[in-house]
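First comes the structure, then the notes that go with it.
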Amino acid sequence: MTKKQHYMTRDERYKLEALLEAKIPVSRIAKQLGFCRQTIYNEIARGKYVHTCDWWDEERYSADKGQQIHAYNQTAKGRPLKIGNDHAYAKFLENKMLGVQADGKVDRRKRYSPAAALAEARKAGFALTVCASTLYSYIDKRIFLHLTNKDLWEKGKPKKQGHQPVRRIAHPALPNITERPEHVNRREEYGHWEIDLVVGRAKSKPVLLTMVERRSREPLVFKLPDKRAASVRKVFDTLERTQPDFRERFKTITTDNGPEFLEYKQLTQSIHGGQRFEVYYCHSYSAWEKGGNENMNRMIRRWFPKGTDFSRVTKKEIAEFQNWLFHYPRKILGWRSPAELAV
């Protein structure tokens with residue numbers, strides 16, 4: 001049976017209630033009613049209530065409750081849903097947030113945040129628009145056919161709370177971030193980068209060197225055989241050797257106090273002689289001082305979760321991630337992507 005692309009009717013909800021009472025598996029119910037299993041699960045959650053028996057309580061589904069909540073959600077407290085009559089707009093947003101690609105395949109690594117999906121919809125020329133808070137409300141109320149809060153990257157994740165340790169520099173002889181020029185702090189020109197390493201599975205040597213340009217948020221990702229300082233230097237040696245505009249592209253580097261970055265003289269030494277760029281070191285335990293890079297690393301974990309063995313990750317996969325991130329819209333860039341700034 002072809003899967004339906006509309007919301008359940010009242011009669012279909014009553015059929016669902018009867019089938020659940022008969023202990024019919026959800027997969028069979030979905031097939032019989034013509035919906036996907038996720039839609040059935042969403043509807044069960046919508047109409048769920050606690051039924052009190054003689055000696056115990058149990059969760060059951062009420063068609064009447066499901067219909068009542070659906071009707072309430074559709075009216076949005078008396079106002080018609082802005083998104084309700086523009087099915088193409090709703091589908092575009094849903095596909096972006098689910099990671100549905102142009103060929104119809106789903107790549108959950110490429111899911112967009114609600115705000116980023118709205119930005120892409122504006123670029124695509126949709127006349128209708130809603131604000132991000134309204135879109136989150138629609139998702140909470142299960143307005144979309146397939147999309148729930150579980151499909152969003154950050155929804156429901158508790159924010160970590162904790163004290164901030166006293167800021168200190170582990171190696172006071174090296175240039176401190178407080179010495180970084182003010183125009184770099186203000187992100188006024190291109191050529192100033194934040195860098196870090198992303199490690200993989202325990203006892204696995206390969207790591208990723210991640211870099212983000214402070215003004216444009218341009219990302220660069222390199223797979224290293226290990227986390228030695230020499231491996232990090234080799235990347236910059238290659239860039240300096242192969243890019244004629246290296247000095248314009250790489251003016252300063254901001255990094256943490258990891259041992260792979262602490263060989264300051266060797267790291268800053270140009271292959272042509274002299275100093276190729278300046279390096280500034282953040283305070284210890286102060287990851288927010290290179291927040292652009294930290295955010296980039298969070299995006300990397302969408303593609304390569306903690307525990308990934310980077311020896312099994314190909315350069316093609318890394319290039320695919322870098323290209324995706326290069327075209328991902330950012331709020332701080334006015335919902336433009338680094339690629340758009342590069343044009």
Note on segment 287-342: residues open to solvent by less than 50 Å² (accessible area, probe 1.4 Å) and not in a helix (DSSP H, G or I) are Phe304, Gly307, Thr308, Asp309, Val313, Tyr328, Pro329, Arg330, Ser337
Can you tell me how many residues within segment 226-259 are open to solvent by less than 20 Å² (accessible area, probe 1.4 Å) and either polar (S, T, N, Q) or in contact (Cβ under 8 Å) with a residue 60 or more places away in the chain (or both)? 6
By residue number, the members of segment 148-160 that are modelled with pLDDT of 55 or more and either of a type in the set (S, T, N, Q) or under 16 Å from the mean Cα position of the chain (by Cα) (or both) are Thr148, Asn149, Lys150, Asp151, Leu152, Trp153, Glu154, Lys155
Counting only residues that are of a type in the set (Gly, Ala, Ser) and touching a Gly at 6+ places or on another chain (Cβ under 9 Å), segment 292-343 contains a total of 2
Among (1) open to solvent by 60 Å² or more (accessible area, probe 1.4 Å); (2) outside any helix (DSSP H, G or I), which single condition is Val212 missing? (1)
The condition of being aromatic (Phe, Trp, Tyr), more than 24 Å from the chain's Cα centre (by Cα), in a helix (DSSP H, G or I) and at pLDDT 80 or above holds, among Tyr89, Tyr41, Tyr72, only for Tyr41
In this structure, is Leu220 free of Cβ contacts under 8 Å to residues at least 60 places away in the same chain, open to solvent by less than 50 Å² (accessible area, probe 1.4 Å) and aliphatic (A, V, I, L, M)? no
Taking the residues in segment 175-205 that are over 18 Å from Leu267 (Cβ atoms) and in contact with a strand residue (DSSP E or B) (Cβ under 6 Å, 6 or more places away or on another chain) as candidates, determine which candidate is surrounded by the fewest Cβ atoms within 10 Å (Cβ to Cβ). Val199
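Residues are listed down the side, and each one gets a yes or a no for (1) farther than 22 Å from Pro259 by Cα; (2) out of contact with any strand residue (DSSP E or B) (no Cβ under 8 Å at 6 or more places or on another chain):
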position: Val279; (1), (2): no, no
position: Tyr285; (1), (2): no, yes
position: Trp288; (1), (2): no, yes
position: Asn293; (1), (2): no, no
position: Met299; (1), (2): yes, yes
position: Pro305; (1), (2): yes, yes
position: Asp309; (1), (2): no, yes
position: Thr314; (1), (2): yes, yes
position: Ile318; (1), (2): yes, no
If Ser270 satisfies every condition in (1) in contact (Cβ under 8 Å) with a residue 60 or more places away in the chain; (2) polar (S, T, N, Q); (3) open to solvent by less than 10 Å² (accessible area, probe 1.4 Å) but one, which is the exception? (1)
Residues that are modelled with pLDDT of 95 or more, under 24 Å from Ala319 (Cα atoms) and of a type in the set (Ser, Thr, Tyr), at least 3 per element: which helices (runs of 4 or more DSSP H) completely within segment 219-270 meet that? 229-242
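The values are calculated or read from the model by the stated rules, or taken from the named source; none is laboratory data. The model shown is predicted, which means the values in this text are computed figures rather than measured ones. No Cβ is skipped: glycine too gets one built from the backbone with ideal geometry, and neighbour counts run over all protein chains shown. Note: areas computed on protein heavy atoms with side chains; ligands, DNA, RNA excluded. Shrake-Rupley method; radii C 1.70, N 1.55, O 1.52, S 1.80 Å.
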